[in-house]
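Before any comments, here is the structure.
The values are calculated or read from the model by the stated rules, or taken from the named source; none is laboratory data. Being a predicted model, the structure only gives us computed values, none of them experimental. Neighbour counts are summed over all protein chains in view; Cβ atoms, including those assigned to glycine, are modelled from backbone coordinates with ideal geometry.
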Amino acid sequence: MKLAVPKEVRSGEKRVALVPDIIAKLVKAGLEVVIESGAGLTAEFSDDQYTQAGAKVQSGDVIKDADIIATVQPLTPDAMKRLKKGAITISFLSPTTAIDSIEAAASAGVTAISLELVPRISRAQSMDALTSQALCAGYKAALVAAELSPRFFPLLMTAAGTVTPANVVVLGAGVAGLQAIATAKRLGAVVSAYDVRPASADEVKSMGAKFITLELEALEGSGGYAREMTEDRAAKQRELLTPYIAAANVLITTAAVPGRPAPRLVTAQMISTMAPGSVVVDLASETGGNVEGTKPGEIVTTSNGVRMWGGKDVPSQLAFHASMLFSRNVVNLLMLMTKEGVVTPDFTDEIIDAAAVTHGGAKRTPELAKK
Ligand SMILES: NC(=O)c1ccc[n+]([C@@H]2O[C@H](COP(=O)([O-])OP(=O)(O)OC[C@H]3O[C@@H](n4cnc5c(N)ncnc54)[C@H](O)[C@@H]3O)[C@@H](O)[C@H]2O)c1
């Protein structure tokens with residue numbers, strides 16, 4: 001069967017769905033791999049590297065006669081319509097935002113697999129692209145903060161006297177938050193963090209950071225995710241967090257609730273309590289912002305001199321390794337469906353059942369949801 005990787009078309013997307021290193025595994029499994037010429041360039045992978053790895057590199061439309069199509073971003077509705085009936089797509093394909101692509105996949109008779117819907121069970125960890133990409137974003141967030149800050153992160157004892165370490169506060173201690181904590185710690189900052197899930201306290205402490213305990217109920221949802229806050233709780237959380245934010249040199253926010261706009265954790269009033277030269281990095285800027293006033297892809301300087309960086313396509317800013325990890329997630333998922341060179345989705349497998357959003361000309365409801 002033929003697996004195709006077209007160039008990503010969404011502006012700002014620099015990742016590629018398969019990197020050369022992974023091609024040998026696919027060829028060994030009996031698949032023919034076709035890469036659109038130039039598809040890997042923005043992630044630093046050349047056509048020659050793909051050819052040497054055993055893929056065919058082609059110009060023009062590589063998807064129309066492919067059996068499987070792997071991309072990072074969802075295929076556009078037009079691209080879905082060009083696929084042959086029965087083709088399988090693997091990509092990010094959010095059921096809340098990629099609605100047109102999902103409709104087009106259903107009417108084209110395509111089996112579309114959404115990486116966002118891969119369940120968070122231990123067997124699927126190696127296929128969890130949300131996790132691998134959040135890891136990249138969290139690392140980048142801490143580096144951006146260090147770069148924008150006019151202060152050192154570490155404690156320094158110099159002949160000219162002692163430099164105190166930066167005080168970094170991280171809100172949201174999931175995959176991205178924990179990686180931001182780890183990176184800021186490696187740079188020598190003093191880090192504290194808050195999350196609504198009680199389970200995150202031990203994870204934060206295991207990174208050598210301090211967990212901020214607030215007198216508030218926990219908000220643990222299903223699948224290891226958080227639940228949405230009521231407005232009352234949100235207001236109370238903001239009030240209790242204000243002194244921590246006022247004392248921070250750097251604030252990194254990573255909070256999210258699946259399928260919802262980003263929770264608003266920090267208001268402009270709270271930012272006005274920070275000292276001039278403080279830095280805010282909001283990884284949730286693209287989904288509404290954890291911090292009032294951040295803009296995706298921009299640095300906004302407030303009237304009190306706080307520089308606020310709004311994240312946009314953050315994993316793409318680490319395109320080489322983000323692509324490498326993404327490729328492994330895609331291939332692990334693909335191997336689950338591949339026997340002797342033939343890829344067949346098995347809907348009795350709970351991973352495929354949960355992640356396939358269309359099949360056989362219709363949108364799907366996972367078996368679990370039917371029970
Ligand atoms: N395969 C697995 O078992 C698996 C894989 C990945 C993650 N997980 C678990 O899921 C957790 C969350 O994953 P994620 O990072 O993808 O989540 P996410 O991106 O949906 O959210 C990021 C963090 O924001 C937090 N948050 C939400 N609302 C908040 C608020 N109002 N205030 C403060 N924090 C808030 C969440 O609790 C979460 O930790 C992980 O830490 C882990 O425990 C499990």
Study note, to complete from the structure: Note: among ALA146, ALA193, ALA184, just one is part of a strand (DSSP E or B) and either aliphatic (A, V, I, L, M) or touching a Phe, Trp or Tyr at 6+ places or on another chain (Cβ under 8 Å) (or both), namely ALA193
Revision key, fill the gap. Within the range 193-224, of all residues that are touching a residue at least 40 places away in the same chain (Cβ under 8 Å) and surrounded by fewer than 16 Cβ atoms within 10 Å (Cβ to Cβ), the one nearest to the ligand (Cβ to nearest atom) is GLY224
Review point. Does any residue of the range 340-349 turn out to be touching a Leu at 6+ places or on another chain (Cβ under 7 Å) and under 17 Å from VAL118 (Cα atoms)?
Key: yes
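Quick grid of which residues meet (1) of a type in the set (Gly, Ala, Ser); (2) more than 28 Å from ILE121 (Cβ to Cβ):
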{"site": "ASN167", "(1), (2)": "no, yes"}
{"site": "GLY174", "(1), (2)": "yes, no"}
{"site": "LEU178", "(1), (2)": "no, no"}
{"site": "ALA189", "(1), (2)": "yes, yes"}
{"site": "ASP202", "(1), (2)": "no, no"}
{"site": "ARG233", "(1), (2)": "no, yes"}
{"site": "LEU241", "(1), (2)": "no, yes"}
{"site": "ILE245", "(1), (2)": "no, yes"}
{"site": "VAL257", "(1), (2)": "no, no"}
**Study point:** Odd one out for ALA137, checked against (1) in a helix (DSSP H, G or I); (2) more than 15 Å from the ligand (Cβ to nearest atom)
**Key:** (2)
Check your understanding: Quick one: in the range 248-275, which of the residues that are within 14 Å of the ligand (Cβ to nearest atom), aliphatic (A, V, I, L, M) and more than 14 Å from the chain's Cα centre (by Cα) is surrounded by the most Cβ atoms within 10 Å (Cβ to Cβ)?
Key -> ILE252
Check your understanding: With (1) among the small types (Gly, Ala, Ser); (2) part of a loop (DSSP other than H, G, I, E, B); (3) more than 10 Å from the ligand (Cβ to nearest atom); (4) in contact with a helix residue (DSSP H, G or I) (Cβ under 9 Å, 6 or more places away or on another chain) as the list, and ALA173 as the residue in question, which single condition is left unmet?
Key -> (3)
**Study point:** Members of the range 225-247 found to be small (Gly, Ala, Ser) and either outside the structural domain of VAL191 (by TED's automatic domain parsing) or more than 12 Å from the ligand (Cβ to nearest atom) (or both), listed by number
**Key:** ALA246, ALA247
Check your understanding: Do we have any residue at all in the range 97-107 that's among the hydrophobic types (A, V, I, L, M, F, W, C), in a loop (DSSP other than H, G, I, E, B) and surrounded by fewer than 22 Cβ atoms within 10 Å (Cβ to Cβ)?
Key -> no
Review point. If you go through the range 24-54 one residue at a time, how many are free of Cβ contacts under 8 Å to residues at least 12 places away in the same chain and either farther than 24 Å from VAL343 by Cβ or surrounded by 16 or more Cβ atoms within 10 Å (Cβ to Cβ) (or both)?
Key: 3
Revision key, fill the gap. Counted residues in the range 201-248 being of a type in the set (S, T, N, Q), more than 15 Å from ARG264 (Cβ to Cβ) and modelled with pLDDT under 95 come to 1
**Study point:** Test result for SER278, within 22 Å of the chain's Cα centre (by Cα), crowded, with 20+ Cβ neighbours inside 10 Å and hydroxyl-bearing (Ser, Thr, Tyr)
**Key:** no
